[in-house]
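This report concerns only the one structure given below.
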Amino acid sequence: MSKPDNDHFTMSEPEELGTHSKYAFWLTTTEDHLITFMGTLPCVCHVTDANEDEPRRVLVSIEDSFDADEAWHWIRTEMEQEVNVVHLDQIWEDAMKWL
């Protein structure tokens, strides 16, 4: 069962339901950049999209070489920090290159 972590996403507890690894959890969010960010974390071996509806629900597989509970807590901490990062539109990113 998912519990709200904040207004940006929810993460279920890790369970033995992974298809790409032993443990996985469900991430639900309306922010696509959080799904992309999830895929960059070293303890995540695969992100499987379960739907394209809003909010999006993805199955996140934890790399088997990591302890699932420790990895999940670290992932949650990283996600909480990521939601506080201000993302600029591409036009502003391009404009800053000229400075």
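Please find, within the range 25-79, the residue that is surrounded by the most Cβ atoms within 10 Å (Cβ to Cβ) out of those that are more than 10 Å from the chain's Cα centre (by Cα), of a type in the set (Gly, Ala, Ser) and part of a loop (DSSP other than H, G, I, E, B).
Among residues in the range 25-79 that are more than 10 Å from the chain's Cα centre (by Cα), of a type in the set (Gly, Ala, Ser) and part of a loop (DSSP other than H, G, I, E, B), the one surrounded by the most Cβ atoms within 10 Å (Cβ to Cβ) is ALA50.
Just one of the numbered conditions (1) over 14 Å from SER12 (Cβ atoms); (2) in contact with a Gly (Cβ under 8 Å, 6 or more places away or on another chain) is not true of SER61; which one?
(1)
Where residues in the range 80-99 are part of a loop (DSSP other than H, G, I, E, B) and farther than 16 Å from HIS33 by Cα, which of them is modelled with the highest pLDDT?
So the first thing to find is which residues in the range 80-99 are part of a loop (DSSP other than H, G, I, E, B), and the list is 83-89, 98-99.
Restricting the remaining residues to those that are farther than 16 Å from HIS33 by Cα gives 98-99.
Working: TRP98: 80, LEU99: 74.
Step by step, filter the range 80-99, then rank; the result is TRP98.
Which of the residues belonging to the range 2-47 are aliphatic (A, V, I, L, M) and at pLDDT 90 or above? Spell out how you get there, then give the answer.
In the first step, residues of the range 2-47 are kept if they are aliphatic (A, V, I, L, M); the result is 11, 17, 24, 27, 34-35, 38, 41, 44, 47.
Result: MET11, ALA24, LEU27, LEU34, ILE35, MET38, LEU41, VAL44, VAL47.
The values are calculated or read from the model by the stated rules, or taken from the named source; none is laboratory data. This structure is a prediction, so every number in the text was calculated from the model and none was measured. When we count neighbours, we look across all protein chains shown, and the Cβ atoms used for this are built from the backbone with ideal geometry, even at glycine.
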